[in-house]
Amino acid sequence: MAETHVLFVEDDDVIREATTLALERDGFVVTAMPDGLSGLESFRARRPDIALLDVMVPGMDGVSLCRRIRDESTVPVIMLSARADSIDVVLGLEAGADDYVTKPFDGSVLVARIRAVLRRFDHSGGPQNGAAGTPHDGPDAERGVLSFGDLEVDTEGMEVRRSGANVALTPTEMRLLLEFSSAPGTVLSRDRLLERVWDYDWGGDTRVVDVHVQRLRTKIGQDRIETVRGFGYKLKA
């Protein structure tokens, strides 16, 4: 099995060294950088399997670094923030991060979150608990192409088209759309989406869901996913 390469950008020497050792003990190969600029250089040079970015690092902050990475790659990104209630969390997710972990964190928790993100990317061919359903019959449905107005979701080719034009989605966004596509018109709770899309078998922060839904809306149409207040979201059939 190939080793998983982690890019870790953290300016605190103690946290950087301790976390690097903890990750290496779990079998990860870690490249640790003290600032955003060196982190970007390392990302471009080595193309890691996953990036862990502290929000507050010198040179180029973690949110800006996440945006630069996302401009070039769909590699999974986890943001590290010292303030769970800070706007930094939302900014990181809006910049394209797939998840976040609040500091201080337990090493086992961080490893679990990393492995959960990697599982999503390794199995981004569909929702965790089954393939997407078919909202209509016919040749396209048999080929795994689901149609919702001008939106087409190819569940076999892992492609999305809007009015015939390809829509670029990250693996997390694709899994989210596949989950909606498996039950068009059905309200899906944030907790269900956290479990099915993010592999959370424990309570998670629903802001992760909300921001990803907003990002998905900008790509497939703002009115395609409807908010059902107090319950969750649904894809308009």
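The values are calculated or read from the model by the stated rules, or taken from the named source; none is laboratory data. Predicted model only: the values in this text are computed from it and were never measured. Virtual Cβ from ideal backbone geometry, glycine too; neighbours counted across all protein chains shown. For accessibility, only protein heavy atoms count, side chains too; no ligands or nucleic acids. Shrake-Rupley method; radii C 1.70, N 1.55, O 1.52, S 1.80 Å.
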Would you work out if segment 49-122 is rounded, prolate or oblate? Take a ≥ b ≥ c from the square roots of the eigenvalues of the alpha-carbon gyration tensor; rounded if a/c is under 1.5, else prolate when a/b is larger than b/c, oblate otherwise. oblate
Rounded, prolate or oblate: pick one for segment 1-81, where a ≥ b ≥ c are the square roots of the eigenvalues of its C-alpha gyration tensor, a/c under 1.5 means rounded, and failing that, prolate if a/b is larger than b/c, else oblate. oblate
Top of Val187, Val101, Val63 by mean-square fluctuation, Gaussian network on the chain, Cα under 10 Å: Val187
Give me P(r) over segment 146-209, computed from all C-alpha to C-alpha distances, binned every 5 Å, as integer percentages. 4, 16, 27, 21, 17, 10, 4, 1
In square angstrom, rounded to the nearest 10, how much accessible surface does Met33 have for a 1.4 Å probe? 50
Under 17 Å from Lys219, Cα to Cα: lysines that are on another chain or at least 8 residues apart: Lys234, Lys236
Rounded, prolate or oblate: which fits segment 178-218 when a ≥ b ≥ c are the square roots of the eigenvalues of the alpha-carbon gyration tensor, with rounded for a/c under 1.5 and prolate only if a/b beats b/c? oblate
Carbon and sulfur atoms: what percent of the 1.4 Å accessible area of the chain do they account for? 48
Where chymotrypsin sites (Phe, Trp or Tyr not before Pro) fall in DSSP loop in segment 152-205, at most 13 other Cβ within 10 Å: Trp202
